[in-house]
Amino acid sequence: MGDTDREARRRAAFARLQSSFPISISMPDVELPGGARLDDDEFVVRTSKDWGLSIKPLILTTRRLFCPSDLTGRSSVVLRLADMRSVTLRKHGIGFSTIVVENVDGGQASFPAHINGPLIRSDIAAMVDAAHAVAAPDRSAAASSAPAGDRYQQLREISELKQSGVLSEAEFEKEKARILNQP
């Protein structure tokens with residue numbers, strides 16, 4: 001009975017949430033590393049297989065990234081998307097490119113991306129931006145409620161918010177346009 005109830009909750013959540021993500025999500029429940037389980041309202045976005053990689057484990061969900069913690073691939077880590085600060089693609093002169101994910105606490109995880117590196121980075125970054133928007137939908141509203149005054153000061157303030165990770169790139173651009181369009 002419990003699995004039937006869980007499946008019904010997942011179907012309902014999927015129907016409600018599928019259009020709210022920047023990348024298509026899939027309904028199937030997958031086996032996660034370390035015996036972890038998807039939450040009832042958490043869905044798979046991409047796996048290493050989707051990106052054409054053989055790296056295990058590499059699974060991007062609507063809330064978490066399961067990935068190797070370093071280039072050896074011997075250990076893995078689970079990172080909450082809402083806790084990620086940046087996702088970069090490092091191209092090396094010799095060898096393969098790597099994806100480096102930095103958490104707000106300063107911790108990093110990196111894994112090889114010998115093919116499709118730009119796509120992997122952009123998929124993860126898009127989901128990180130979506131997670132940040134869900135985690136704090138009123139951040140841009142708070143920035144826009146700054147007292148009307150010097151435009152340059154407002155631009156400096158939103159720039160600082162972006163640099164500190166409070167505003168995403170999209171939120172920053174929206175606020176910048178709003179400030180520059182003020183009478």
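Summary table
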| quantity | calculated |
| --- | --- |
| Exclusive hit being in a helix (DSSP H, G or I) and open to solvent by 70 Å² or more (accessible area, probe 1.4 Å), set D105, D123, D50 | D50 |
| Residue within the stretch 56-65 that is among the polar types (S, T, N, Q) and either out of contact with any Phe, Trp or Tyr (no Cβ under 9 Å at 6 or more places or on another chain) or surrounded by fewer than 18 Cβ atoms within 10 Å (Cβ to Cβ) (or both) present | no |
| Selection within the stretch 21-36 - out of contact with any helix residue (DSSP H, G or I) (no Cβ under 6 Å at 6 or more places or on another chain), touching a residue at least 24 places away in the same chain (Cβ under 8 Å) and open to solvent by 70 Å² or more (accessible area, probe 1.4 Å) | G34 |
| Answer residue from the stretch 25-47, given it is of a type outside the set (D, E, K, R), part of a loop (DSSP other than H, G, I, E, B) and under 16 Å from L65 (Cα atoms) and is modelled with the highest pLDDT among those | F43 |
| Checklist (1) open to solvent by 70 Å² or more (accessible area, probe 1.4 Å); (2) assigned to a strand (DSSP E or B) applied to F111, failing item | (1) |
| Set V44, V78, V87: member being among the β-branched types (V, I, T) and open to solvent by 40 Å² or more (accessible area, probe 1.4 Å) | V78 |
| Tabulated pairs, the stretch 155-183, first more than 21 Å from M127 (Cβ to Cβ), second modelled with pLDDT of 80 or more and not in a helix (DSSP H, G or I), C-beta under 6 angstrom, 6+ apart or interchain | none |
| The stretch 53-74, residues that are in contact with an Asp or Glu (Cβ under 6 Å, 6 or more places away or on another chain) and assigned to a strand (DSSP E or B) | T61 |
| Qualifying residue in the stretch 75-90 (condition: farther than 17 Å from A125 by Cα and part of a strand (DSSP E or B)) | yes |
| Residue list for the stretch 126-154, restricted to those being aliphatic (A, V, I, L, M), open to solvent by less than 40 Å² (accessible area, probe 1.4 Å) and modelled with pLDDT of 50 or more | A126, M127, V128, A130, A131, A136 |
| Single match in T61, T4 (criterion: free of Cβ contacts under 8 Å to residues at least 60 places away in the same chain and more than 14 Å from the chain's Cα centre (by Cα)) | T4 |
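The values are calculated or read from the model by the stated rules, or taken from the named source; none is laboratory data. Predicted, not measured: the structure shown is a model, and the values here were computed from it. We place every Cβ from the backbone using ideal geometry, glycine too, and count neighbours over all the protein chains shown. For accessibility, only protein heavy atoms count, side chains too; no ligands or nucleic acids. Shrake-Rupley method; radii C 1.70, N 1.55, O 1.52, S 1.80 Å.
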